[in-house]
Amino acid sequence: MYTAIFTYLNHICRRGTAPVKLLYEPKDCRCRAPTVWSIYLHGKKQAYRRNGVKEYIVWQVLEKKLSWFYLEQGEYLELLADDAGVMRSRVFPGLWLAASELLAGNMQAVLTTLQVGLQSAEYAAFVKQLSA
């Protein structure tokens, strides 16, 4: 998971299309794979809301569940996978995650899905916006 996120961010930066702050912006996206996931589903959620974190992901390893939340009008809603089983970031266009493949340990499929997202029109528009 972390590899996919960093691959995405590094891809943007390698192309010279992202401001450096994108790699360090704490309000845009947080990814965690905690042992005690309930903290991230309850207590941390309030802290993230207070600090304006727009998206965050909780990987409940033992439960084999991945939850992706996005902030809308002050409340976190769960981001659901599309019909193909892909979760698509609302903050970082082109950041696509094949959650079921991740949970199954099929990292090749996870990376393939990420690459498809990086080749999408929404990602191209995002890169263009960053370089403007």
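Taken together, the values in this text are just the output of simple stated rules run on the coordinates, not laboratory data. As the structure is a prediction and not an experimental result, all values here were calculated from the model. Positions of Cβ are backbone-derived with ideal geometry, glycine not excepted, and every protein chain shown enters the neighbour counts.
Available extension along the chain between LYS65 and ALA84 is 5.1 nm, counting 0.36 nm per residue and deducting the alpha carbon span.
FRET efficiency for ASN106 and GLN73, Cβ-Cβ distance as r, R0 = 41 Å, nearest 0.05?
0.70
Qualifying GluC sites (Glu not before Pro) in region 56-132, where qualification requires a DSSP coil assignment and no more than 13 other C-beta atoms within 10 Å, comprise GLU63.
For region 48-132, rounded, prolate or oblate, judged on the Cα gyration tensor with a ≥ b ≥ c (square roots of eigenvalues), a/c < 1.5 rounded, else prolate if a/b > b/c? It comes out oblate by the Cα gyration axes.
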